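Written out below as structure tokens is the structure these notes cover.
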Amino acid sequence: MSKRKQLIVPAILIFAAIAILPGCGAKVSGQADSSSTAVPVHVIKLGQPASAGLSGKVIPDQDIKIVSKVAGKVASVNVQEGSKVKQGDVLVQLETGDLTQQVKQAESALLAAQAKLVDTKAGARSQEIQGLQSAVSAAQGAYQQATAAMDQAKAGFDLATSTYNRLRNSYDSNSGVTQEDLDKGTLDYEKAKAASEQAQGAQKAAEAQLQGAEAKLQLAKVGPTDNTISALQADVDRLNAGLELANSGLSNATITAPIDGLIVKKSISVGELAQPGVQVLSLVNMDQVQVELSVSDSQITQVKAGMQVDVAIQNLPNQTFKGEISFVSPVANANSNTFPVKVKVDNKDGLLFAGMVAEVKMNAAQESRLEVPKTAIIKKDQKEYLFTANDDTAHLVEVKTEEKNQDWLYVLPNDKLKANEQIVVNPTDKIAEGTKVKAE
């Protein structure tokens, strides 16, 4: 072979190699490798469509933590764990001796205040008016006597003053009045002055008593003022509120069932001290249960309140329960992008227990989407592909995807791509349509 021919042959081989290289890593088209050795690949199995089923747990429709509202020693506990109760049944009874006494004291105080208010509104009776009139008459008589006594004392004081002045003048002029006469006149003057002042004081006291008696009589005739009535009414209201509070405390000493249900936990016994706000019993109603779900942000728009669903329980094979979506939270959980959803399920037969794992299946008519890792996707000519691995043979499938997160995509299923099929992740350039592959 000539030197020129030797140069041409390698060049042809290079061009051939370039022609079969794919534009994006893996072989998107072409024939299978001529080698009979299968290409080792990593595969995963596609999951169920995103809307086909949502996993959750069964919880009671009503789960009530029963607490005591008041402090008190437990006198009796009428239920045990497993007891079925009806609404209003007495569950726990606290001792009520002190509470009963408080109610009686409050009742007595209220009755006294109410009686006083009624009497004050009714005004004074005729006997009271007559008594006050008699008191006024007596005060008038005493005043008149005091006035007469004051007039008499004043006349005596005037006489004693005149006598004293005359004696004093005569004594000063040496007219024969002795010192003894002057001292006697002075003493009489002082006595008369004291008697006059005393009579004036008695007259003023009698006048004050008369005015007081007249004021009481006038007040009794006119009746109580609005302010007096308001003050007494306020006192009645205060004591009535105290009685209601005492009755409430007595009533709260009897702890009753708020709903029909089953006692699932008992946390107190006879003789123990119940504390306000501390749980004593746990009561559930399982006639209807709920299934709690956490739905991803990509699926939440497919879930609507009122939607009818089928519920399957892992521990109850071959049974399906009808349910209804009762709540769809508009707010995602703080630590994830999932939304709380609740499904109501009838449980009259008592087959469902809290804590069971349930799968909620949505309406089959809704559009379903499969999830695949981004590492399985091959992009070529603005299209997306992935390889399935059926019967140890790679098959190229064109797909359409939507973003889920940084690692996964949603893929709409087609005739060549179904749930539970194996797909190749991280495909290499050794794989093409029809390539024999071996899953590792």
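The values are calculated or read from the model by the stated rules, or taken from the named source; none is laboratory data. All values derive from a computational prediction rather than experimental measurement. Every residue, glycine among them, receives a Cβ derived from its backbone with ideal geometry; neighbour counts consider all protein chains shown.
A quick yes/no check of all residues on (1) at pLDDT below 90; (2) of a type in the set (S, T, N, Q); (3) more than 57 Å from the chain's Cα centre (by Cα); (4) surrounded by fewer than 18 Cβ atoms within 10 Å (Cβ to Cβ):
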| position | (1), (2), (3), (4) |
| --- | --- |
| Ala109 | no, no, no, yes |
| Thr120 | yes, yes, no, yes |
| Ile129 | yes, no, yes, yes |
| Gln144 | no, yes, yes, yes |
| Thr147 | no, yes, yes, yes |
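Are there any pairs with C-beta distances below 7 angstrom linking a residue in the stretch 161-173 that is in the same structural domain as Lys193 (by TED's automatic domain parsing) to a residue that is surrounded by 12 or more Cβ atoms within 10 Å (Cβ to Cβ) and small (Gly, Ala, Ser), with the two at least 6 apart or on different chains, and if so which?
Thr163/Gly185; Tyr164/Gly185; Leu167/Gly185
Quick one: in the stretch 420-433, of everything that is of a type outside the set (D, E, K, R) and farther than 14 Å from Pro373 by Cα, which residue is surrounded by the fewest Cβ atoms within 10 Å (Cβ to Cβ)? Please lay out each step first, then the result.
At the first step, the residues of the stretch 420-433 found to be of a type outside the set (D, E, K, R) are 420, 422-428, 431-432.
Now narrow it down to the ones that are farther than 14 Å from Pro373 by Cα: 420, 428, 431-432.
Details: Asn420: 9, Thr428: 12, Ile431: 25, Ala432: 21.
Across the stretch 420-433, the extreme among qualifying residues is Asn420.
Could you check the stretch 269-290 and list, in sequence order, the residues that are under 17 Å from Val90 (Cβ atoms) and buried (at least 19 other Cβ atoms within 10 Å of the Cβ)?
Residues satisfying the conditions are Ala274, Val280, Leu281, Leu283.
For (1) small (Gly, Ala, Ser); (2) out of contact with any Phe, Trp or Tyr (no Cβ under 6 Å at 6 or more places or on another chain); (3) more than 30 Å from Gly82 (Cα to Cα), each residue gets a yes or a no:
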| position | (1), (2), (3) |
| --- | --- |
| Leu219 | no, yes, yes |
| Val236 | no, yes, yes |
| Ala241 | yes, yes, yes |
| Asn252 | no, yes, no |
| Ala274 | yes, yes, no |
| Gly277 | yes, yes, no |
| Asn285 | no, yes, no |
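Please verify whether the stretch 393-415 includes one or more residues that are among the aromatic types (Phe, Trp, Tyr), assigned by TED's automatic domain parsing to the domain that holds Gln319 and out of contact with any Phe, Trp or Tyr (no Cβ under 6 Å at 6 or more places or on another chain).
Taking every residue of the stretch 393-415 in turn, none turns out to be among the aromatic types (Phe, Trp, Tyr), assigned by TED's automatic domain parsing to the domain that holds Gln319 and out of contact with any Phe, Trp or Tyr (no Cβ under 6 Å at 6 or more places or on another chain).
Does Asp183 satisfy being free of Cβ contacts under 8 Å to residues at least 12 places away in the same chain and either crowded, with 16+ Cβ neighbours inside 10 Å or farther than 30 Å from Ser134 by Cβ (or both)?
Spelling it out, Asp183 is indeed free of Cβ contacts under 8 Å to residues at least 12 places away in the same chain and either crowded, with 16+ Cβ neighbours inside 10 Å or farther than 30 Å from Ser134 by Cβ (or both).
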